[in-house]
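Worksheet: the structure to be examined is printed underneath.
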Amino acid sequence: MVKNVPVLDLDAIIDDPGTRIIVCCGSGGVGKTTTAAALGLRAAERGRCAVVLTVDPARRLAQSMGLSELDNTPRPIAGVGGEGNGKLYAMMLDMKRTFDEIIEAHADPERARQILTNPFYQSLSSSFSGTQEYMAMEKLGQLRRSGEWDLIIVDTPPSRSALDFLDAPERLGRFLDGRFIRMLTAPAKAGGRSAFKLLNAGFGLVAGALTKLLGAQVLKDLQMFVSALDAVFGGFRARAEQTYKLLQAPGTAFLVVAAPERDAMREASYFVERLAEERMPLAGVVINRVHRSPAAVLSAARSTAAAEDLESRGEHELTSAVLRLHADRMQLAAREQREQDHFTSAHPTVPVARVPAMPEDVHDLDGLREVGTLLAAQ
Ligand SMILES: Nc1ncnc2c1ncn2[C@@H]1O[C@H](COP(=O)(O)OP(=O)(O)O)[C@@H](O)[C@H]1O
Ligand SMILES: [Mg+2]
């Protein structure tokens, strides 16, 4: 076991009034949503006015928090205890609605209508990979600007790779700013300037080919969408950049959530390195769903040997089954420990908190409260 791994003190982080944003990231299924909700509840019960921006809460968890509706605004959560005046709000991200709201806020009504009803917009806003990540960041920016909460906890989309959260908005920006789009919009922009003549000729060719490929109506839709979006554009990029800066600010704390398994720990490693490159403040790593054995004094090897002995004599079947189960559990714990050691020896200064695997899914406030207690009790 790697010694002297710094301990992640989550109460110190959520109690610090300087902490304004906590971002929970990590690969799929490791417990990001659970961690975000548990920290939100704990922060509220310790006196803060917190909002949790969830992306994909499991249905039972969402129901128990009263989040059965996707209405894209934070709702107060009932049943929050504690002695202070803390409050907990939560919302589920509606990516398309968020996108629509940006369009509505930045384009005049006629142009907004043109964009919103355009088939290309409809597919971009509901399915483009990266749109969810972009909109999560956009929503974070909105919540922060509203100034209504003193702590915002962000859950990140269920992408396969944790890095998508940082990369996707730029990808979307690149797409919206890409050559393809510039080519389509060039004729409108170029006016009569001679330098653009060549480009226009090129566009004619491309448009000709596209018309054949897509049909005239579709091409018209596409062009209209692109030139209408162009008006909102500057807005898009500038906001993505602003939110990026927000993520780099000292009031932000990134938590990388991981399960003690090879892929998740490797993903956590990449993410930690990437945050350092981007100068984004890492608070630490939460290793979730760790298996421990309450009878660790008996090793896997001795347990297996004893089971074999009993089996060879054909006695005490139940006892040997229990011994085998214990051996499996000890082996799992050892495997998990090795994965954690890999990580901590590569990143010896990164604070770590461990949360044990609970016997059941976490699907209500009591469960979240328990996870919060476990997160804080390192
Ligand atoms: N420590 C834990 N013990 C037991 N179950 C857990 C634990 N943490 C999370 N879970 C369960 O694992 C599932 C996935 O968790 P979730 O937070 O939705 O992951 P993610 O948001 O990273 O995809 C959920 O059903 C949740 O209740
Ligand atoms: Mg999730």
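Quick notes on this structure:
- Candidate set: region 346-374, residues that are closer than 19 Å to residue 79 by Cβ and not charged (D, E, K, R); chosen: the one nearest to ligand 1 (Cβ to nearest atom): 362
Residue-by-condition table, conditions (1) small (Gly, Ala, Ser); (2) crowded, with 22+ Cβ neighbours inside 10 Å; (3) under 20 Å from residue 77 (Cβ atoms):
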| residue | (1), (2), (3) |
| --- | --- |
| 119 | no, no, no |
| 123 | yes, no, no |
| 141 | yes, no, no |
| 145 | no, no, no |
| 153 | no, yes, yes |
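- Consider region 51-106 and keep the residues that are closer than 22 Å to residue 39 by Cβ and among the basic types (Lys, Arg). The one that is modelled with the highest pLDDT is 87.
- Among (1) within 16 Å of ligand 1 (Cβ to nearest atom); (2) surrounded by 17 or more Cβ atoms within 10 Å (Cβ to Cβ); (3) without any contact (Cβ under 8 Å) to a residue 60 or more places away in the chain, the one test that residue 59 misses: (2)
- Filter result for residue 113 (modelled with pLDDT of 85 or more, out of contact with any Asp or Glu (no Cβ under 9 Å at 6 or more places or on another chain) and surrounded by fewer than 18 Cβ atoms within 10 Å (Cβ to Cβ)): yes
- Of the residues 320, 303, 293, the single one that is on the phi < 0 side of the Ramachandran plot, outside any helix (DSSP H, G or I) and hydroxyl-bearing (Ser, Thr, Tyr) is 293.
- Just one of the numbered conditions (1) touching a Leu at 6+ places or on another chain (Cβ under 9 Å); (2) surrounded by 14 or more Cβ atoms within 10 Å (Cβ to Cβ); (3) farther than 22 Å from residue 10 by Cα is not true of residue 283: (3).
- Residue within region 304-316 that is touching a residue at least 24 places away in the same chain (Cβ under 8 Å) and more than 30 Å from residue 43 (Cα to Cα) present: no
- Selection count where residues are within 16 Å of ligand 2 (Cβ to nearest atom), within 18 Å of residue 244 (Cβ to Cβ) and at pLDDT 85 or above, scope region 138-177: 4
- Which listed residue, of 81, 47, is at positive phi and in a loop (DSSP other than H, G, I, E, B): 47
- Test: residue in region 2-25 that is at pLDDT below 95 and touching a Gly at 6+ places or on another chain (Cβ under 7 Å): no
- Close pairs (9 angstrom Cβ cut-off, 6 or more residues apart or separate chains): within 23 Å of residue 5 (Cα to Cα) and assigned to a loop (DSSP other than H, G, I, E, B) in region 350-361, within 16 Å of ligand 2 (Cβ to nearest atom) and among the β-branched types (Val, Ile, Thr) anywhere: 350/256
- Residues within region 50-86 that are of a type in the set (Asp, Glu) and under 13 Å from residue 40 (Cβ atoms), tallied: 0
- Contact map, region 29-54: first residue closer than 17 Å to residue 365 by Cβ, second residue in a helix (DSSP H, G or I) and near ligand 2 (Cβ under 10 Å from one of its atoms), Cβ cut-off under 7 Å, separation 6 or more or different chains; pairs are 37/61; 52/36; 52/37; 54/33; 54/36; 54/37.
- When residue 67 is tested against (1) within 14 Å of ligand 1 (Cβ to nearest atom); (2) out of contact with any Leu (no Cβ under 7 Å at 6 or more places or on another chain); (3) not in a loop (DSSP other than H, G, I, E, B), just one condition goes unmet, and that condition is (3).
- Of the residues making up region 143-158, those that are more than 16 Å from ligand 1 (Cβ to nearest atom) and either touching a residue at least 12 places away in the same chain (Cβ under 8 Å) or under 17 Å from the mean Cα position of the chain (by Cα) (or both) are 143, 144, 148, 149, 150, 151, 152.
- Any hit, region 27-35, residues being surrounded by 13 or more Cβ atoms within 10 Å (Cβ to Cβ), more than 16 Å from ligand 1 (Cβ to nearest atom) and at negative phi: no
The values are calculated or read from the model by the stated rules, or taken from the named source; none is laboratory data. Quick caveat, the model's predicted, so the values are computed rather than measured. Methodologically, a virtual Cβ is constructed for each residue, glycine included, from the backbone with ideal geometry; neighbour enumeration extends over all protein chains shown.
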